[in-house]
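Chemist: Next up is a structure, given as structure tokens.
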Amino acid sequence: MGFSTLDYLVVAAYLAAVTVFGIWSAGRQRSSKDYFLGGRQMPWWAVLLSVVATETSTLTFISIPAVAYGGSLTFLQLTFGYIIGRVIVAIWFLPAYFKGELTTAYQYLNRRFGSSMRSAASYTFIVTRVLADGVRLFATAIPLSIILQLAGAFPEWSDLQIYAVAIGIISGITLIYTFLGGIKAVIWMDVVQMGVYLGGALFAALLMFSQIPAALPEILATLGGEGKLRVIEWGGELGWRQFISEPYLFWIAVIGGAIFSVASHGTDQLIVQRLLSTRNVRDSQKAMIWSGVVASLQFAFFLGIGLLLYIFYQGQTPAELGLQTADEVFAKFIVEQIPTGIAGLIIASLLAAAMSSLSSSLSSLASATTFDLIKPRFGAGWSSREELFVSRGITVFWGVILTISALFFTWLQLAGGERPAIVELGLGIASYTYGGLLGVFLLGLFFLRPDKTDAMWGFFIALISLLFMVEGALLELLPGEGVAIAWPLYTLVGAVIVIIVGNVSCRVRRVAGTNTQERET
């Protein structure tokens, strides 16, 4: 059906409307506490929906259908672990944050291990967020770039140049309401946009189903015959090396998903910032636990869309469909098959929801930079107005950096060769550094004797060790075959290394200190 002038007008009007709404809903920002925490007055159900929209909006809408299109439903195993992990965070992590009236997740590390560990953790968060959100922003640009291509805009331009234009448009608009509205604008926009983009996706799914010339039993029989309906994969026949390298085997997915969720929702400032904006710890716990259930249902829904796409396009490869990657399949259907006007609304809702996720990242990066890195060194005498001014300036800075990161991943995905779905790429990047962060938090919460030196040893040895467990060039430097692990295990393995090394370091230093004292006496 194509993308008409009416669709373009709908997209433009919608983006303008949500920008104005975002700024209006935030009210007046008088301090950095208002800017970053919404005055700690946000209702738990709004935070719940904001958490789900932030972590899944773009990658779920675009890339989860691609996972099912090229595979099966085994990704769902991860979501079982996600729910378990969030229960753990709600019970053990959130009370510790609220008890200390903390502004960022890493202030806890400052109290337990000192400023050096806090800075190291915050720097790690920043690097991880820049890389992972570069992937998110690239995903957001996919539907907009397809629109520009199908409309014949910039016919002489390469795919990379068109993606660059799309990324620039999204980044620019997002910066406007993030700069002015803060976290309150972000949360309320998430609430609205989640309903809109889920409604748009449901409309697309129903339309797709109506256009498939087969009844539901026949569709299910076809999918079942090709193994597309498989949810549980045990992998009992695999050798141990292959077993630990496969991401979607049951025990790896559930355990890895639970540990990943503990790290992402218990130590990542992107999520913790939202949870700290609620009125009290009980509201925060409700938002956390129910977000796992809602996120799991949302993953199932978009995986189902991927299976419908597989039937609709008769299992053609992305190349046969004239696409660069499988991540573009659902966007292709929206642009070409959705009726005029509705297609513009669906694309607009997707972009707006994705931009709310990007704005959340900008807000969390700015808060971590302001409170963990800059204010402790230079801002002891800042007034509330000066602190707010600096926070907004840092927000603009990170908007530029995230744009550059997105352009890098665009080049990486379009450079040729087989690439993973972007959701797997993004989760893999986050999992790598989450292990070290989670390990330090657990070391501080459950082990009393290790100090900041032990924590630092564990943290950096874990990060270095994981480099040689990720499939790639460094793994080949090791003698023998080496051991590559699946990305859901990065967090688990990293956390275990931190805890072991931290406790060993503590023990060795105590023994060495005792021996030194004995020699001196």
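Chemist: Modelled label-to-label distance, ALA484 and TRP240, 7 Å Cα→beta-carbon offset: nm?
Modeler: So the label points at ALA484 and TRP240 sit 2.0 nm apart.
Chemist: Taking other Cβ within 10 Å of each residue's Cβ, how do ASP283, ASP451, ASP268 sort, fewest first?
Modeler: The most exposed by this proxy come first: ASP451, ASP283, ASP268.
Chemist: Please compute the net charge surrounding GLY344, taking Lys and Arg as +1 and Asp and Glu as -1 over other residues with Cβ under 14 Å from its Cβ.
Modeler: Result for the local shell: -2.
Chemist: Taking the mean number of other Cβ atoms within 10 Å as a proxy for protection, how do you rank 91-97, 250-256, 270-276 from highest to lowest?
Modeler: Sorting 91-97, 250-256, 270-276 by mean packing, highest first, produces 270-276, 250-256, 91-97.
Chemist: Based on other C-beta atoms within 10 Å, arrange THR128, THR174, THR317 from fewest to most.
Modeler: Sorted ascending by nearby Cβ count, the order is THR317, THR128, THR174.
Chemist: I would also like to ask the following. Tell me, what is the FRET efficiency for SER4 and ARG449 to the nearest 0.05, using R0 = 56 angstrom and their Cβ-Cβ distance as r?
Modeler: Plugging the Cβ-Cβ distance into 1/(1 + (r/R0)^6) gives 0.25.
Chemist: Separate question: What nm distance separates the two modelled labels at ILE404 and ALA380, each placed 7 Å from Cα along Cα→Cβ?
Modeler: Here the answer is 3.2 nm between the modelled labels.
Chemist: Measuring from a point 7 Å past the Cα of LEU414 along Cα-to-C-beta, which residues in segment 319-349 have an amide N at less than 19 Å?
Modeler: Zone members listed by number: 319-333, 335.
Chemist: Separate question: With a 10 Å Cβ neighbour count serving as the proxy for reagent exposure, in which order, fewest first, do LEU137, LEU489 appear?
Modeler: Arranged by neighbour count, lowest to highest, LEU137, LEU489 become LEU489, LEU137.
Read-outs throughout are calculated quantities, based only on the coordinates presented, and are distinct from any laboratory measurement. This one's a predicted model, so the numbers in the text were calculated from it and none came from an experiment. All Cβ positions, even for glycine, are placed from backbone atoms using ideal geometry, and neighbour counts span all protein chains on display.
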